[in-house]
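A short worksheet on the structure shown next.
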Amino acid sequence: MAILLVTVFGKSLSAKSAANDNRIPIVFWHEMGGPSEDALEQVVDGFNKSQTKYKVIPKYQGTYDEAIQKILQTHGTSTSPAVFQAFDISTAQMIHSGYTTPVQNFIDQDNYDVSKISSVARAFYSNGGKQQAMPFNTSQPVLYYNASLLKKYGITPPPVSPSYSDITRVAKQLYEKSDHKVKGMTVQVYGWFLEQALANAGAQLANNNDGHTGNPTEVKINNPDTVEFLNWIKENIKSDDFIDYGSGASAGANQTAGFLSDKVGIFIQSSASIGQLTKNNTNKLGITYFPHPDNKKANGVAIGGAALWISNDKPKDVQRGAFEFIKYSLKPEVQAQWQKSTGYLALNKDSQKTKILKDLYAKNPESKVPGEQLAKAKPNYSNSGILMEGMQLTRQLEEVAMETVYNGGDINHALDTADKAINDNLHQSNRANGYK
Amino acid sequence: MLKTSTTNVVPEKKVEAKQRQGFRLNANDKYYASIFLGPSLLVLTLFVFYPMLKTLYISLFLTNTLGNTTVFTGLDNYVKLISSPDFLSSMSVTLLYVVAVTVLTVSVGLLLANLASQKLPGIGIFRTLYSVTMGVSVAVAAIFWLFIFNPSTGFFALMSGWLNLPVVNWLTSPTNAMWAVIITTVWMNLGFTFLILLGAIQSVPSTLYEAADVEGASSRYQFFKITIPMISPTLFFVSTITIIGAFKSFGLIDLITKGGPTNATNMLVYRIYKDAFYSGNYAKSSTEAIILTVIIAFFTLIQFKFLEKKVNY
């Protein structure tokens, strides 16, 4: 009965779109909500206006996490998308599913010049020398600080690429000089940040070079670089200049509210938050690179965000249309406008020359920082993401470890517990999937 | 009003059931029975029995990335889960939550209902106020309480700022987060519980109280010896509904804590959802679903075996 309903419904939908015009419909699933959804629809509109052959139909699918299961479970039915947006940590899952056509096939057919597209972003979504998906919305974790508050209390701002102790110094000074009215800093309980701290220290979380040279069989988070990162946070918790906003979606909103209302001076967040932080902020916003360990040079962080994938259950011409849309979405002007309206980074190097971005940088010079951080990083195995299945669960377990430490727990014990749980899950998943 | 309908229906059904046992079905009856029962059986099979059996089936395997069953492991999933401290803590957290929510909802609801049943001028305003949370959706309630709990700008944080008290980390400390979720759930439940209990209290015959007044019984004595026994079927109904509702609690947890911090509010139902639709581990979540089914069945059985006998219909 359910199958019947789906087919009937699916049929009526496609019949309707065919009645409007004779273009080939390209169903596009995405997970951009709020202001980003409006910006995405502009991209789609722009593509549809430029086309006589294809028509992209965008459909919002909720959160990144939930969309993955929808994509996998609808594959091969008439409801499945022709092109879809899947987030960074689902890359291994998508490659292994065998449900997608690598974009490399189309790149080769068209002799499309990918050298214009950010290499760190491309490296994240490639495997075995093949581009599997095309990065679309890409962000970098950066450190934000309240420049006006630092000025008010006469504190020297942190350098462009700060070390952990640079940040500790500023946080402590801010807390003391504001007479304990402003907390110095916070780091949200978010597995992404822990992974980035490792990437920036040049360390790897999973064996086989974070999965880039083979399917991972062993994970070790309990390494000196994680310990140093957590020790840095713990030190600030002890001196009371740290405020904990917890984990989850509400934590992000709470810490943004705290930052905008002068309750906390420094926090780490995605560069995609710039729009929100400049729009309603009466203070001057400061941005630096993601902090690095004291005695190490910054290795550069991996990107966050999502990529566009092409499903292989659709006819050739539909897949071709999907790639035409991907190419359009990477045009310099499209990426520039995308960065301006969302805070995600323009991936096309030529976008920097457009008037849109030049105007933006003239108005908000600090919005240049994340792009510079991205351009500076040289892709290597540590900062090209972790190509491992079960990353969603891994992140949850990393967050439990972080929360344990934030609440006073022992760092080594918390990390060992996480390692055990992550490895149990990894071994079981490898066994279920028949990987060696 | 609701009280009478729930109390009367149950015994009637029992009587019918007893009579039915005496019948022998002839061929004609079987024909009609299949016509009348067929459609509902078909729907039930498709949407209830088939998914149930499939869940049981999946729980005996490992599932791969695509959600397909691959390696048969027998009861291995169950053994692993029951011996995992993570899952056991989820179970105890769920039990704590269910007990706390039920006890608080029913007792506070009863208190408010008893207060609001007094015949005083302007009491209608309070009756409306107390039942107002019935009209509040889970999403609105969650956001409303998130604003209150915000450690920088929330109502509680501002209050403790004025009183020079340290700020309580409502959502980041494991114990407090549990209470934050309990408080929010109880607040959500109160409107409905209050309304049902108020209806029950008001339908207690006033002659009983008048007779007690003549005897000189105190109002406390009247409450425990007249009100409570007379509304006991409704209390039973309300607590059953609350227990089942608390076990199924999902929306508030998803919106307020997402199961955190350190899994302190990761109840069974939320866990099942996360394991299936976040992690894509269908085998694990099916196993958890079966365990939850067994637990709820057990509680329902206990309730009907023991509590029902004590209820005064």
Crossing angle, helix A:332-342 versus chain A [Cα axis fit, 0-90 degrees, rounded to tens]: 50 degrees
Built amide H within the under 5 Å cut-off of B:ASN150, gap 5+: B:PHE155
Alpha-carbon centroid distance for the pair the range A:321-352 / the range B:107-136, whole angstrom: 58 Å
Value at 222 nm in deg cm²/dmol, rounded to 500, when DSSP H runs of n ≥ 4 in the protein assembly as shown each add -39,500 (n - 2.57): -18000 deg cm²/dmol
Fraction of beta bridges assigned by DSSP in the protein assembly as shown that are antiparallel (%, nearest 5): 65 percent
Whole-Å semi-axes of the ellipsoid equivalent to chain B (Cα gyration tensor, √5λ, descending): 38, 35, 16
Translational D in µm²/s for the range B:137-205 (Stokes-Einstein at 25 °C, 0.890 mPa s, Kirkwood Rh from C-alpha pairs): 178 µm²/s
Given A:LYS55/A:LYS355; A:LYS152/A:LYS234; A:LYS53/A:LYS327; A:LYS331/A:LYS376; A:LYS116/A:LYS353, the pairs whose alpha carbons are separated by over 18 Å: A:LYS55/A:LYS355; A:LYS152/A:LYS234; A:LYS331/A:LYS376
Spin-label model distance (nm) - A:LYS49 vs B:ASN28, 7 Å beyond Cα toward Cβ: 7.6 nm
Karplus 3J(HN,Hα) series, Hz, for the range B:101-110 with 6.51 cos²θ - 1.76 cosθ + 1.60 (x for Gly, Pro): 5, 5, 4, 5, 4, 5, 6, 5, x, 5
Along chain B, longest interval not containing exposed trypsin sites (Lys or Arg not before Pro), exposed being DSSP loop plus at most 15 other Cβ atoms within 10 Å: B:120-247
Reciprocal of mean inverse Cα separation for the range A:323-436 (Kirkwood radius, Å): 17.8 Å
Per principal axis, descending, Cα span of chain A in whole Å: 68, 52, 42
Convex hull of the range A:276-383 built on C-alpha atoms - directionally averaged projected area, nm²: 9.5 nm²
Relative contact order of chain A, defined on C-alpha pairs under 8 angstrom at six or more residues apart (%): 25 percent
Helix axis angle, A:164-177 relative to chain A longest principal axis, alpha carbon, degrees: 60 degrees
Cα Rg over Rh - the range B:164-313, Kirkwood: 1.12
DSSP-defined antiparallel bridges as percent of all bridges, chain A, nearest 5: 60 percent
Taking the C-alpha atoms of the range B:206-255, convex hull volume expressed per residue in Å³: 93 Å³
Inter-label distance for A:ASN281 and B:LYS54, nm, one decimal - labels placed 7 Å from Cα along Cα-to-Cβ: 4.9 nm
Diffusion coefficient, µm² s⁻¹, Stokes-Einstein with Kirkwood Rh over alpha-carbon pairs of the range A:212-333 at 10 °C and 1.306 mPa s: 83 µm²/s
Loop-resident sites, the range A:208-255, for chymotrypsin sites (Phe, Trp or Tyr not before Pro), counting at most 16 other Cβ within 10 Å (DSSP): none
Volume per residue that the Cα convex hull of the range B:87-200 spans, once the total is divided by residue count, Å³: 132 Å³
Cα centroid of the range A:392-436 to Cα centroid of the range A:208-242, whole Å: 12 Å
From the C-alpha gyration tensor of the protein assembly as shown, square roots of 5λ in Å: 50, 36, 25
Long-range amide H partners of A:HIS292 with built H, under 5 Å: A:SER163, A:TYR164
Cα centroid of the range B:232-296 to Cα centroid of the range A:129-178, whole Å: 39 Å
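Bear in mind that the values in this text are calculations on the coordinates, not laboratory data. Fair warning: this is a prediction, and the values are worked out from it, not measured in the lab. Note that we place each Cβ from the backbone using ideal geometry, even for glycine, and neighbour counts take in every protein chain shown.
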